[in-house]
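Structure first, commentary second.
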Amino acid sequence: MNSSALLKLMLNPDNYPFKPEKVDMLQTHISYLFITGEYVYKVKKPVNFGFLDYSTLEKRKYFCEQEIKLNSRLSPEIYLGVSEIVSDKSVLSLGGKGDVIEYAVRMRRLPPDMMLDKMIFDKRLNRTIIKNIANKIVKFHQSADANSNISKFGDIETILKNVNENFLQTDKFIGISLTQEEYNLIKDFSYKFIDNNKAILKKRVNKNKIKDCHGDLRTEHICISDKIYIFDCIEFNDRFRYGDVASEVTFLAMDLDFLGEDTLSRYFVDSYIEISGDTDIYKIINFYKCYRAYVRGKVESFQLNDPNIQPKEKEKSFNSAKGHFKLAYRYAIG
């Protein structure tokens, strides 16, 4: 559908059945978020990046349904369903009669001041909260699906495929959001680590540590409200969600490092290992921190080429990309 018509529809409070006072919009390179008083509607953009394909209406419907299903593992109270955007005689509406031209994930809005990244900014995060988060993630990982198909994503070949993809997709950003030195050193570190640590990586597979995880475990996807809510997992590509639980743990630890909370980052990892008994994580933490920081730098860099992203948002993405690539470099040099 025409994006301008979609925005006009979704930004008009009168088009919602509960008539909010106003509607605010945020966007990423893959979706629009329409924020009302009580609910949030997410509409996926018709994009295809290879690793993510929302190019057809049928695919967007499927991935909306997957988003509900997968996020219900951790926060079933938040994900309410999929809403239809319809057209009746060229008049668009949210629900009702007409031809379905788009889909939106409907979610309960969480208090923005209780998001973990906001709590860090306000200096309200403490060890008790971190310990409780670690406990919730351990329980999630213990119950997460694991089978022979998922275990393949811990194979050396798959890890190499993911690392290769990172560097193939970021060489165009050399001289923009990362330097040639950063690119070369991180690349060299990554391949050497894999080559020198095949035994421990294979051990992770044999010990059943490859699970159907969250895939994007960062502070902005955790809310401390009446309980701990962890949301916005990756639904668009199983390969990014299937993986070593160590990679997931280090993703959040990396994000805490990025936000200047190195001490709480270490405490989170220590707490997870204490509760789970998974001491081998210490042997691979730096590699996965580097990998996760590099992925974040890549994702933020993608936004620099999106014509729909406003200059102010692009500047924010540019600074974030540079910061994450520098952090990956820091992990790589040890």
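Before moving on, here are some points about what is shown:
- Taking only the Cα atoms of the chain, the ratio Rg/Rh comes out at 0.97, with Rh defined as the Kirkwood radius.
- Using just its DSSP H runs of length 4 or more, each adding -39500 (n - 2.57), the chain gives a mean residue ellipticity at 222 nm of -16000 deg cm²/dmol after division by all residues.
- Where labels lie 7 Å past Cα in the beta-carbon direction, separation of Q66 and K192 in nm: 3.7 nm
- Rounded Å value of the spacing that divides the Cα centres of region 248-269 and region 1-56: 31 Å
- Electrostatic bookkeeping for S320 treats Lys and Arg as +1 and Asp and Glu as -1; over the other residues with beta carbon under 9 Å from its beta carbon, the sum is +2.
- Computed from the Cβ-Cβ distance with R0 of 41 Å, the FRET efficiency linking N132 to K89 stands at 0.20.
- Relative contact order for the chain: 16 percent, from Cα pairs under 8 Å spaced at least 6 residues apart, divided by residue count.
- The relative contact order of region 3-109 comes to 23 percent, based on Cα pairs under 8 Å that sit 6 or more residues apart.
- If the chain linking K59 and K8 were pulled fully straight, counting 0.36 nm for each residue of separation and taking away their Cα-Cα distance, it would gain 16.0 nm.
- Computed over the alpha-carbon atoms, region 3-109 gives an Rg to Rh ratio of 0.95, Rh here being the Kirkwood radius from the mean inverse distance.
- Inter-probe distance in nm under a simple model that places probes 7 Å from Cα toward Cβ, at I200 and E165: 2.4 nm
- Classification of region 266-325 by its C-alpha gyration tensor yields a prolate form. The axis ratio a/c (a ≥ b ≥ c) is 1.5 or more, and a/b outweighs b/c.
- Think of region 32-99 as having a plus end and a minus end, set by charges on the Cβ of Lys, Arg, Asp and Glu; of V47, L92, I78, V47 sits farthest toward the positive end of this dipole.
- With both labels modelled 7 Å from their Cα along Cα-to-Cβ, the V82 to N208 distance reads 3.2 nm.
- Set K22/K59; K152/K203; K152/K211; K172/K192; K198/K289 screened for pairs whose C-alpha atoms are more than 20 Å apart: K22/K59; K172/K192
- The overall shape of region 212-334, judged from the alpha-carbon gyration tensor, is prolate: a/c is not under 1.5, and a/b is greater than b/c.
- Compared with the dominant principal axis of the Cα atoms in the chain, helix 311-333 is inclined by about 20°.
- Positive-end extreme of charge dipole, the chain - chosen from H221, Y282, S151 (charges on Cβ): Y282
No lab work stands behind these numbers, since they all come straight from the coordinates. Please read these numbers as outputs of a predicted model, since none were measured by experiment. For neighbour counting, all protein chains shown are included, and Cβ atoms are generated from backbone atoms with ideal geometry for every residue, glycine included.
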